[in-house]
Amino acid sequence: MNIINSSNIAEIAPFFQHLHFPSPDSHKGQNGKLMVIGGSSLFHSASIWAAEIASYFADMVHYCSTRENANVMLSLKQKFQNGIVIHQQDLPVYISEDDVVLIGPGMMRGEVESFKSNCDFSDVLKIQTRSESSFTYYLSQYVFSHYPDKKFVIDAGALQMMDKKWLLHLKTKPILTPHIKEYASMFGLNPSIKKRDEIILHIVSMAKHYHCIMMVKLIDDIITDGDNVYVVKGGNPGLTKGGTGDILAGLTASFYTYSDPLISALVASFVLKTSADELFKIKGTWYNNDDIIDMIPHVLNQIHKLRG
């Protein structure tokens, strides 16, 4: 087990050098294309935060959210101007061309209604008019089953609604970003297990069994591919605000477009916590998600300079 402290940039430098950076002669689209699928009638901001931070690092961010009416689509285009807001019916085209799909931030949770098995995409789109939580389930099922080779970051609503058995059919290692309650519910962590080392053993075994990267958010983040284990310490209570996990998911996904998944998750966790540390010096815990999004590029640039 490796412990990394967000207060010490030198500790992340050896991993940071394995992160992809644009070459001087690169062209548009050669440094990562990301699809963000998220949002609902209740949660619009979560997926926008994820897309906004990703736009700093991926060449192109495609953003697909709920289809309520034309006014919502127009509103989203006004809020998110650093990427392309796409219509839901075009989702398969963009998934095919993008390097990574982030699915889940802001998607609805709840009961799942029974529909016919093996829904095609047009059937899936119709489901949301009846039940947004069912839409989360069936859209996730459709995307995972039809694009098993795609690189996924699975967050929030998609994590809470999916069947973990679907992970076994993915051919490319996904990154899962649950907080500890989501993890416990999804993977059956007994509430009586309190010691960190026992929790880590459970997380490692699940990462190995389901062939995925686990980034489990506690006070300290636990990140593992089933073999290597990293504990990222740091941050402050300002990170308890809603939306910081969406920023982490978007940052992780943007790195994953052209970097190793374990390195992507590790560096993203470190950078989020270090950004919170820097904001604490200025504002205490009285900062918000916009402050974090603004701070992250400065922290990354600081690490980049240290890397030389």
> Where residues in the stretch 258-287 are acidic (Asp, Glu) and more than 15 Å from the chain's Cα centre (by Cα), which of them is farthest from residue 245 (Cα to Cα)?
Replying inline: 278
> Regarding residue 130, is this residue more than 27 Å from residue 269 (Cβ to Cβ) and part of a loop (DSSP other than H, G, I, E, B)?
Replying inline: yes
>> Scan the stretch 178-187 and tell me whether some residue there is without any contact (Cβ under 8 Å) to a residue 40 or more places away in the chain and β-branched (Val, Ile, Thr).
In response: yes
>> With farther than 19 Å from residue 10 by Cα and not polar (S, T, N, Q) as the only criterion, which of 230, 258 stands out?
In response: 258
> Take the residues of the stretch 136-153 that are among the hydrophobic types (A, V, I, L, M, F, W, C) and under 18 Å from residue 32 (Cβ atoms): which is surrounded by the fewest Cβ atoms within 10 Å (Cβ to Cβ)?
Replying inline: 152
>> Residues to consider are 158, 184; find the one that is at pLDDT 95 or above, within 16 Å of the chain's Cα centre (by Cα) and small (Gly, Ala, Ser).
In response: 158
> Out of the stretch 39-54, which residues are surrounded by fewer than 24 Cβ atoms within 10 Å (Cβ to Cβ) and at pLDDT 95 or above?
Replying inline: none
> How many of the residues making up the stretch 61-91 are at pLDDT 90 or above and either exposed (fewer than 13 other Cβ atoms within 10 Å of the Cβ) or of a type in the set (Ser, Thr, Tyr) (or both)?
Replying inline: 3
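Working carefully through the options 290, 227, find the one that is surrounded by fewer than 23 Cβ atoms within 10 Å (Cβ to Cβ), under 19 Å from the mean Cα position of the chain (by Cα) and on the phi < 0 side of the Ramachandran plot. It would help to see each step written out before you state the result.
Working: 227 fails: under 19 Å from the mean Cα position of the chain (by Cα).
That would be 290, the only listed residue that is surrounded by fewer than 23 Cβ atoms within 10 Å (Cβ to Cβ), under 19 Å from the mean Cα position of the chain (by Cα) and on the phi < 0 side of the Ramachandran plot.
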>> Here is a list: 218, 168, 159. Which entry is touching a Lys or Arg at 6+ places or on another chain (Cβ under 9 Å) and either under 22 Å from residue 46 (Cβ atoms) or surrounded by fewer than 14 Cβ atoms within 10 Å (Cβ to Cβ) (or both)?
In response: 218
> Which condition number in (1) more than 21 Å from residue 248 (Cβ to Cβ); (2) touching a Phe, Trp or Tyr at 6+ places or on another chain (Cβ under 7 Å) is the one that residue 175 fails?
Replying inline: (1)
> Right, residue 58: at pLDDT 90 or above, touching a Leu at 6+ places or on another chain (Cβ under 7 Å), in a loop (DSSP other than H, G, I, E, B) and surrounded by 16 or more Cβ atoms within 10 Å (Cβ to Cβ) or not?
Replying inline: yes
>> Among the listed residues 305, 273, 233, identify the single one that is over 26 Å from residue 43 (Cβ atoms) and in contact (Cβ under 8 Å) with a residue 12 or more places away in the chain.
In response: 233
> Restricting the search to the stretch 120-158, which residues are of a type in the set (D, E, K, R) and free of Cβ contacts under 8 Å to residues at least 40 places away in the same chain?
Replying inline: 120, 123, 126, 130, 149
> Can you find even one residue in the stretch 99-108 that is closer than 25 Å to residue 57 by Cβ, loosely packed, with under 14 Cβ neighbours inside 10 Å and among the acidic types (Asp, Glu)?
Replying inline: no
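The values are calculated or read from the model by the stated rules, or taken from the named source; none is laboratory data. Predicted model only: the values in this text are computed from it and were never measured. All Cβ positions, glycine included, derive from the backbone under ideal geometry; neighbour counts span all protein chains shown.
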